[in-house]
Amino acid sequence: MRNVIVTGGSRGLGLGVVRRLAAEGYCAIAIARSMTCELASAIEFAEQSHAGSIHFVPFDLAELEKIPALVRSLQHDFHPIYGLVNNAASGSDGALAMMPNSRIENLVRLNTVSPILLTKYVVRHMMAAGNGRIVNVSSITAFTGYSGLSVYGATKAAMVGFTRSLAREVGRMGVNVNAVAPGFMDTEMTRDMDEKLRQQIARRSALRRLPCVEEVVHAIEFLLGDKASSITGTVLTVDAGTTA
């Protein structure tokens, strides 16, 4: 059974990835600050047919100094680590001129510095093993400007550059590094939007709709699987054609 770490695995896209990986025979290690009812339900359901396929590890990824110890613990408990999905991020928005410095720092810390450090310590073991898969969750805001998302967009653009350069660093050791760039997804967050704004976003896409979480989950699963063995350093955009 291949062990895959999924950060932000207690809800939303991360939870969708965890559920999908468990159903496909992986061992999904969900990292999040706290357990949710949805994750607990997913673990209970998985135990009925795929015992031991979902594990929860409580951790606050903003505590950068504790990341090395976290990886040592994960390596001890789940050796070897086959995959890492860097999904955890804060989507806080706001105009740059009015955004508190502390919020800017927190966004950069969680969305960029934390996944880079986590990858640093995880990829060492992948390189030693001679194989591994890393999937970074970016966003179409890395390519397209959105008012109020300048800092968030900067952090997601950083993950694209990180993905492409790291792929060249570790490829010769058998490690593939890719990214997915979702658009505005059909989630609880967008369902809470003003309906007029939601429809405007959907109309901007080539398919005239928002992508659903499951479509992004399938893209991540593909990049982790054997069919993507020759794909590295790429960004797979899943946005229903918003950036087409």
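Rg/Rh for the range 52-128 (Cα atoms only, Rh after Kirkwood) is 1.06.
Under the classification rounded if a/c is under 1.5, otherwise prolate if a/b is larger than b/c and oblate if not, where does the range 80-224 fall, given a ≥ b ≥ c as square roots of the Cα gyration tensor eigenvalues? Taking the square roots of the gyration eigenvalues as a ≥ b ≥ c, the range 80-224 is oblate. Taking θ as phi - 60° and the Karplus parameters 6.51, -1.76 and 1.60, the scalar couplings of the range 105-121 work out to 4, 5, 5, 5, 4, 6, 7, 10, 5, 4, x, 5, 5, 4, 4, 3, 7 Hz in sequence order, x denoting glycine and proline. Distance distribution note for the range 97-152: the fraction of Cα pairs above 18 angstrom is 50%. Here is the result for the range 118-184: no trypsin sites (Lys or Arg not before Pro) lie in DSSP coil with at most 11 other C-beta atoms within 10 angstrom of their C-beta. The slack in the chain from E214 to D226, taken as 0.36 nm per residue of separation less the alpha-carbon distance, amounts to 2.4 nm. The 1.4 Å probe gives accessible areas that order S150, S230, S138, largest first, as S230, S150, S138. Can you give me the relative contact order of the chain as a percent, contacts being Cα pairs under 8 Å and 6 or more apart? Relative CO of the chain lands at 18 percent.
The mean accessible area for residues of the range 60-141, using a 1.4 Å probe and ignoring ligands and nucleic acids, is 46 Å² per residue.
Scalar couplings 3J(HN,Hα) for the range 128-138, obtained by applying the Karplus form with A = 6.51, B = -1.76, C = 1.60 to θ = phi - 60°, are 5, 7, x, 6, x, 9, 10, 10, 9, 8, 9 Hz; x denotes Gly and Pro. Note: the range 163-244, Cα convex hull, 96 Å³ per residue. Checking the cross-link pairs K156/K227; K196/K227; K66/K156 against a 31 Å limit on the alpha carbon distance flags K196/K227 as lying beyond it. Computed about the Cα centre, the dipole magnitude for the range 1-86 is approximately 160 debye when only Lys and Arg (+1) and Asp and Glu (-1) carry charge, each at its Cβ. The modelled label-to-label distance for the pair A128/A157, using points 7 Å beyond Cα in the direction of Cβ, is 3.7 nm. Taking the Cα atoms of the range 22-91, the ratio Rg/Rh between the radius of gyration and the Kirkwood radius comes to 0.97. Using the Cβ-Cβ distance between F45 and D194 with R0 set to 30 Å, the FRET efficiency works out to roughly 0.30.
The sum of -39500 (n - 2.57) across all DSSP H runs of n ≥ 4, divided by the residue count of the chain, sets its helix-only mean residue ellipticity at 222 nm to -13500 deg cm²/dmol.
Debye sum, Cα scatterers, the chain, no solvent: what log₁₀ I/I(0) at q = 0.12, 0.17 1/Å? Debye output, listed in q order: -0.66, -1.36.
Solvent-accessible area of the range 1-114 (1.4 angstrom probe, protein heavy atoms only): carbon and sulfur portion equals 53 percent. Remark: spin-label model distance E24-M1 equals 1.7 nm, labels positioned 7 Å along the Cα→Cβ axis.
Per-residue 3J(HN,Hα) values for the range 47-63, derived from phi via the Karplus relation 6.51 cos²θ - 1.76 cosθ + 1.60 with θ = phi - 60°, read 5, 6, 10, 9, 4, x, 8, 10, 10, 10, 10, x, 6, 9, 5, 6, 8 Hz in sequence order (x marks Gly and Pro). For the chain, the longest principal axis of the C-alpha atoms and the axis of helix 150-170 are separated by about 30°.
A cut-off of 5 Å between modelled amide H atoms, ignoring neighbours fewer than 5 places along the same chain, links I54 with A28.
The values are calculated or read from the model by the stated rules, or taken from the named source; none is laboratory data. Please read these numbers as outputs of a predicted model, since none were measured by experiment. Neighbour counts are summed over all protein chains in view; Cβ atoms, including those assigned to glycine, are modelled from backbone coordinates with ideal geometry. Side chains are part of the model used for accessible areas, which takes the heavy atoms of the whole protein and leaves out ligands, DNA and RNA. Shrake-Rupley method; radii C 1.70, N 1.55, O 1.52, S 1.80 Å.
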